[in-house]
Amino acid sequence: MPTNEEDLAEQRKRRKRRAEKRRRRRQQALIARTIVFVLLVCVLIAVIAVAGRLTRKKQKTDQTGSISNDVVTEGGTAGTESGEASSGQDGAGVEETQEGTAEGSTEGTEEGAGTAEGATAGDYNDVDLSSVPTDRDGILAFARTAWKSYDYDTALAAIQSYEGYGNDNDMTVMISQITAEKSTCSAVNVATSPHVFFHSLLNDSRGLIASATCTEERVEKNNKAMATVAEFKACMEDMYNAGYVLISLDDLVVKTKSDDGKVTMTKNTNLLLPANKKPLIMSEDDLSYYHSYGERGAQGYADRLVVDENGKVKCEFVDVDGVTKIGDYDMVPLIDTFIEEHEGFSYKGARPTIALTGYNGIFGYRTNDYYKEGPDGADLNEAQKNFLRNHPEYDFDTDVAAATKVANALKEAGWTFASHTYGHINASSASLEALQRDHERWKIAVGTCIGETDKIIFAFGGDIGIVNGYTADNEKYQYFKSQGFNIFCNVDGNIGWTEFGNEYVRTGRVALDGVTFYNAMTESATSHRTYSYDFEVLGINNVAQFFDPNRNTDYCQSE
């Protein structure tokens, strides 16, 4: 007969068997629920993917042929309040006009329909992998750079180009992270992208205060139309913190070239960004370092762009002590450094567009062939003649070669160029014949160094047609189209305005300079309503905190 100890042992065994059965049942139930959950998620993802494809297909169908003879205008209201665009109009004459005297400018809702399809391991036949490293660590670094610039497909394709990536934990984790982020993206409405611009930047107060090296006339222009390096940096930080991502003018459209060379364009409806990001366009006008800026830092400007020993474009600048330095003393190197230090600011490596005149040359080099005439040349103005008298060592071919080297380095880094007219003339008031003569000069003085461009940024914001479309009978437009221009930029007092035709795109720009800073922060200013709104859209806050105290506000408030 079993003892009490044996009974207890048997009971413990039975309880253990029952507990084990319950554990197995719970485990089986958990597995079953997990399987059901995974299946539901897969179904949901499939539904979202199909919906996204159908929506994008519908968008593409709706867009095809929709603007064959019409114009689609989106974004902020075109035009300005009375008298409100004088600063934006290219600084109300920031630089003297060389030839113009002969014949005398709303952040919208996102448009992406549906969530972007999540990227998975697979083929990316349209991705260029020619620059992808072959070693593991190099591939990971390359993929991360592409990922953080929103080039998700290139990042994934780079990883998958490595044999055995599926067994590499770092690579599979990165694939999961990239795929997860891409699945949160949607197509932004590029038509409402703000477009802001600067002129050359002042590194110190020498250009804001009259002196022996800076006339009162220059002080007025510098106060009105320029920003300081400190003001520029403050604006950049605010826009970055507001979630802006730099895109290029080319990102606005998808260009198609026919066999006969004709270019047609449609709005880019597939620029994917995460929900907390939004697109921004930037440009810099008059990057020539004109004679009127003085030499050797007389007004606080850099003297010229140079290519350093690392192949990067920097500035040559003479400080207040007369010391020549190479570094970040204007917008170009400052932007490049900002992108390096602020992950996620540039979309697929985008950089701003540089608008160039030609009569004083470009980048601080005197590439205008008129300089070859010498100091007594009939085609030169007095400032150009004085330069040649003061620089007998000047050599035209040397300057052209140096400017071309800078231009090539800029293009390699992602910068693009635009015509700003050769003589900084107003295209609104100039005759067709004057514009034709001017552009022929631009091709010699500028095009020789930078090559071709399809962009024109009008000096003074002087556009060649009214809002709602360049028409077939617009002779100025037809001339510029015949010269290869597809992207046109004016100056507009309202932010985020873009117009799409089937053969062109036109954007309005807002200046960030002394006048707009003053008007944005001063409630009594004439244009406060316009520019305070613009700055609010841009996320530029507390202008009074970075507004240079050396500015003469009498000049800044004049329109």
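The values are calculated or read from the model by the stated rules, or taken from the named source; none is laboratory data. This one's a predicted model, so the numbers in the text were calculated from it and none came from an experiment. Cβ sites come from the backbone with ideal geometry, for glycine too, and all protein chains shown count toward neighbours.
Give me the pairs, please: first residue somewhere in segment 516-528 and surrounded by 24 or more Cβ atoms within 10 Å (Cβ to Cβ) and modelled with pLDDT of 90 or more, second residue anywhere and of a type in the set (S, T, N, Q) and not in a helix (DSSP H, G or I), beta-carbon distance under 6 Å, and either six or more positions apart or on two chains.
Close Cβ pairs (under 6 Å, with a partner that is of a type in the set (S, T, N, Q) and not in a helix (DSSP H, G or I)) amount to THR516/SER87; TYR518/GLN557; ASN519/SER527.
Can you go through THR507, THR516 and tell me which one is in a helix (DSSP H, G or I), in the same structural domain as LEU201 (by TED's automatic domain parsing) and within 30 Å of ASP238 (Cα to Cα)?
From the options THR507, THR516, the qualifying one is THR516.
Of the residues TYR301, TYR347, TYR359, which single one is among the aromatic types (Phe, Trp, Tyr), crowded, with 22+ Cβ neighbours inside 10 Å and under 29 Å from PRO194 (Cα atoms)?
None of the other options fit; the residue is TYR301.
Before we move on, is GLY465 under 25 Å from LYS348 (Cα atoms) and either surrounded by fewer than 19 Cβ atoms within 10 Å (Cβ to Cβ) or not assigned by TED's automatic domain parsing to the domain that holds PHE535 (or both)?
So GLY465 does not fit the description; no.
Could you please find all residues in segment 249-258 being within 12 Å of the chain's Cα centre (by Cα) and either among the aliphatic types (A, V, I, L, M) or crowded, with 22+ Cβ neighbours inside 10 Å (or both)?
Those that are within 12 Å of the chain's Cα centre (by Cα) and either among the aliphatic types (A, V, I, L, M) or crowded, with 22+ Cβ neighbours inside 10 Å (or both): LEU249, LEU252.
Determine which member of the set ILE354, ILE444, ILE362 is of a type outside the set (Ser, Thr, Tyr), in the same structural domain as VAL306 (by TED's automatic domain parsing) and more than 18 Å from VAL313 (Cα to Cα).
ILE444
Could you go through segment 383-394 and let me know if any residue there is under 16 Å from ILE444 (Cα atoms) and among the basic types (Lys, Arg).
Here is the first cut: in segment 383-394, the ones under 16 Å from ILE444 (Cα atoms) are none.
The answer is no; no qualifying residue exists.
From ALA418, ALA407, ALA430, which residue is buried (at least 21 other Cβ atoms within 10 Å of the Cβ), part of a loop (DSSP other than H, G, I, E, B) and at pLDDT 95 or above? Give the steps one after another, and end with the answer.
Values: ALA418 fails: part of a loop (DSSP other than H, G, I, E, B); ALA407 fails: part of a loop (DSSP other than H, G, I, E, B).
Every option except ALA430 fails the conditions.
Go through (1) buried (at least 19 other Cβ atoms within 10 Å of the Cβ); (2) more than 22 Å from LYS314 (Cα to Cα) for ALA383 and report which single condition fails.
(1)
Give segment 216-228 a look and list any residue that's within 13 Å of GLN299 (Cβ to Cβ) and in contact with a strand residue (DSSP E or B) (Cβ under 8 Å, 6 or more places away or on another chain), or say none. Spell out the reasoning first.
Applying the first criterion (within 13 Å of GLN299 (Cβ to Cβ)) to segment 216-228 yields 216-223, 225-226, 228.
Listed by number, the residues that qualify are ASN222, ALA225, MET226, THR228.
Checking the condition in a loop (DSSP other than H, G, I, E, B) and over 26 Å from the mean Cα position of the chain (by Cα), which residue from ASN550, ASN541 passes?
On the way: ASN541 fails: over 26 Å from the mean Cα position of the chain (by Cα).
The match here is ASN550.
When you scan segment 497-511, do you find a residue that is among the basic types (Lys, Arg) and out of contact with any strand residue (DSSP E or B) (no Cβ under 8 Å at 6 or more places or on another chain), even just one?
Just the residues of segment 497-511 that are among the basic types (Lys, Arg), to begin with: 506, 509.
Okay, now just the ones that are also out of contact with any strand residue (DSSP E or B) (no Cβ under 8 Å at 6 or more places or on another chain), so none.
Scanning segment 497-511 turns up no residue that is among the basic types (Lys, Arg) and out of contact with any strand residue (DSSP E or B) (no Cβ under 8 Å at 6 or more places or on another chain).
Output the residues belonging to segment 534-558 that are over 21 Å from HIS195 (Cβ atoms) and charged (D, E, K, R). So that I can check it myself, show each step before the final result.
Kept after step one, since they are over 21 Å from HIS195 (Cβ atoms), are these residues of segment 534-558: 542, 544-558.
Once the filter is applied, which keeps residues that are over 21 Å from HIS195 (Cβ atoms) and charged (D, E, K, R), segment 534-558 yields ASP548, ARG551, ASP554.
Report whether or not PHE460 is part of a helix (DSSP H, G or I), touching a strand residue (DSSP E or B) at 6+ places or on another chain (Cβ under 8 Å) and within 18 Å of SER428 (Cβ to Cβ). Quick ask: steps written out before the conclusion?
Working: part of a helix (DSSP H, G or I): yes; touching a strand residue (DSSP E or B) at 6+ places or on another chain (Cβ under 8 Å): yes; within 18 Å of SER428 (Cβ to Cβ): yes.
When the stated conditions are applied, PHE460 passes them.
Output the strands (runs of 3 or more DSSP E) that fall wholly within segment 169-261 and possess 2 or more residues being closer than 20 Å to ASN542 by Cα and of a type outside the set (Val, Ile, Thr), or say none. It would help to see each step written out before you state the result.
Details: elements: 195-198, 244-246, 253-257.
Output list reads 195-198.
Give just the number: which of (1) surrounded by 15 or more Cβ atoms within 10 Å (Cβ to Cβ); (2) under 22 Å from the mean Cα position of the chain (by Cα) does GLU452 not satisfy?
With (1) surrounded by 15 or more Cβ atoms within 10 Å (Cβ to Cβ); (2) under 22 Å from the mean Cα position of the chain (by Cα) applied to GLU452, the lone miss is (1).
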